[in-house]
């Protein structure tokens, strides 16, 4: 299971005092209000950064990290991802799962036949859409009860019903 979850990407600096504009990649951008720390993925390692102040501007989160007080100290991190640990992830309700925990799952049909591998999950305004690699092509499956019948995050297996027209 995935132990780190991406919550944002540093889009740019903000002002000269070390603040950054972050594009949130989390379902609830307001979660930054209670987050105390994030991990910055700088390639070779993940650097823990303590959050000092958070505010919001349009679709971005403006964050000030403790100990970073100058634009020159933060500018090199533009475009880098911010993560949280599983312990700091948004708690799940019953029958919910983290998308990161199902990526790479084996997808089978209701009759037990291998269908493909889950490569990605798209978030549309209405419902999630699973991107499954099937016979060398990408097939889009709506993550609705009529189509997705079972998800086993421990075994990384998903059972689906192929609705008429989905493969046309």
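The values are calculated or read from the model by the stated rules, or taken from the named source; none is laboratory data. What you see is a predicted model; the values in this text were computed from it and never measured. For neighbour counting, all protein chains shown are included, and Cβ atoms are generated from backbone atoms with ideal geometry for every residue, glycine included.
Okay, here's what the table says:
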quantity: Given (1) not assigned by TED's automatic domain parsing to the domain that holds residue 139; (2) not in a loop (DSSP other than H, G, I, E, B), index of the condition residue 107 fails; calculated: (1)
quantity: Residue that is nearest to the chain's Cα centre (by Cα) [pool: residues in segment 47-72 that are outside any strand (DSSP E or B) and at negative phi]; calculated: 59
quantity: Scope segment 97-108; condition surrounded by 14 or more Cβ atoms within 10 Å (Cβ to Cβ) and either at pLDDT 90 or above or within 14 Å of residue 160 (Cβ to Cβ) (or both); matching residues; calculated: 102, 103, 105, 106, 107, 108
quantity: Condition met for residue 83 (within 28 Å of residue 148 (Cβ to Cβ), under 19 Å from the mean Cα position of the chain (by Cα) and in contact (Cβ under 8 Å) with a residue 60 or more places away in the chain); calculated: yes
quantity: Near pairs, Cβ below 9 angstrom, 6+ apart or cross-chain, from segment 128-139 (over 25 Å from residue 27 (Cβ atoms)) to any residue that is at pLDDT below 95 and not in a strand (DSSP E or B); calculated: 134/167
quantity: Verdict on residue 132 being within 23 Å of residue 41 (Cβ to Cβ) and either touching a strand residue (DSSP E or B) at 6+ places or on another chain (Cβ under 6 Å) or part of a strand (DSSP E or B) (or both); calculated: no
